[in-house]
Amino acid sequence: MPETVIAWTEALVHDPLLLAAVLALSTLLTEDGTLIAGSLLVGSGMAPAPLAITAIALGITLGDVGLYGLGALARKSRFLRSRLPLKRAAGLKRWLRGKRTPVLFFSRFLPGTRLPTYLAFGFLRLPLMHFSVVMALASAVWVTAMVLFVSEIQKAFAGLGTVPAVAAGIVVAFLVIALARRAAQRSKFAEVSRAATPSTDNELDAADNAAMEIRDAS
């Protein structure tokens, strides 16, 4: 089994297009797992950073656009509407005016907000171009920072051997993901992002107040 994995990895490394395709498609199964794997490949010198970053960011963005499309389809499908978290989406279009960009950008870093947010944007038929650009930017920033930082940590530990270097990369990757999410949750934009599909009017009011504070501060 280990020999098979090694052989398969070596085959991918020697075929950049195949490696890029695998990384991009893998994000549909697990974004964090693919991001960590891509970072380790770069840190091991088995993949160039631009290729890994581009493939992973593209895969994540396409997945986000797919959820937007699913939300758009739900407008015409009672089956989808009954099974997707869209109960309050119809009443959010007016509220989202002036808040779309921070809602989208920070949802990338807030677990639990991505699915309802992207579905709601599609269901409301908010501009696809704006959605795609913001999500591409958020993905590019996140993936670039993660891949470069984790790969450099891995290289710093390379003198201790392959296993310690990979282990250090994995530990740091999980720490970075956890810290990034914690920082996003404490951000003044968090309430606005969480409100994409609020469950109560109080949550919507709280998020509206947060948006006003952000606007006043800027």
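The values are calculated or read from the model by the stated rules, or taken from the named source; none is laboratory data. Since this is a predicted model, take the numbers as computed values, not measurements. Please note: Cβ atoms are built from the backbone with ideal geometry, for glycine as well, and neighbour counts cover all protein chains shown.
Considering only residues that are surrounded by 14 or more Cβ atoms within 10 Å (Cβ to Cβ) and closer than 20 Å to residue 34 by Cβ, which ones fall in region 156-175?
Looking only at region 156-175, we keep the residues that are surrounded by 14 or more Cβ atoms within 10 Å (Cβ to Cβ), and these are 156-158, 165-170, 172-173.
If the condition is that a residue be surrounded by 14 or more Cβ atoms within 10 Å (Cβ to Cβ) and closer than 20 Å to residue 34 by Cβ, then 165, 166, 167, 168, 169, 170, 172, 173 are the ones that fit.
For residue 28, the requirement of being under 13 Å from the mean Cα position of the chain (by Cα) and outside any helix (DSSP H, G or I) is met.
Any idea which residue in region 74-91 is farthest from the chain's Cα centre (by Cα), counting only those that are at pLDDT 80 or above and surrounded by 14 or more Cβ atoms within 10 Å (Cβ to Cβ)?
Going residue by residue through region 74-91, those that are at pLDDT 80 or above are 74-76.
Applying the additional criterion that residues be surrounded by 14 or more Cβ atoms within 10 Å (Cβ to Cβ) yields 74-75.
Working: 74: 22, 75: 25 Å.
The qualifying residue farthest from the chain's Cα centre (by Cα) is 75.
Given 135, 146, 129, which one is hydrophobic (A, V, I, L, M, F, W, C), loosely packed, with under 13 Cβ neighbours inside 10 Å and either closer than 16 Å to residue 38 by Cα or at pLDDT 90 or above (or both)?
Numbers: 135 fails: loosely packed, with under 13 Cβ neighbours inside 10 Å; 146 fails: loosely packed, with under 13 Cβ neighbours inside 10 Å.
When all the criteria are applied, what remains is 129.
Pull up region 41-57, narrow it to residues that are within 25 Å of residue 113 (Cβ to Cβ) and in contact (Cβ under 8 Å) with a residue 40 or more places away in the chain, then point me to the one that is surrounded by the most Cβ atoms within 10 Å (Cβ to Cβ).
The residue in question is 56.
Residue-by-condition table, conditions (1) farther than 30 Å from residue 130 by Cα; (2) β-branched (Val, Ile, Thr); (3) at pLDDT 90 or above:
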{"position": "1", "(1), (2), (3)": "yes, no, no"}
{"position": "20", "(1), (2), (3)": "no, no, yes"}
{"position": "24", "(1), (2), (3)": "no, no, yes"}
{"position": "61", "(1), (2), (3)": "no, yes, yes"}
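Can you tell which of 38, 66 is crowded, with 17+ Cβ neighbours inside 10 Å, within 21 Å of residue 109 (Cβ to Cβ), within 19 Å of the chain's Cα centre (by Cα) and small (Gly, Ala, Ser)? Steps first, answer last, please.
Numbers: 66 fails: crowded, with 17+ Cβ neighbours inside 10 Å.
Only one candidate passes the filter, namely 38.
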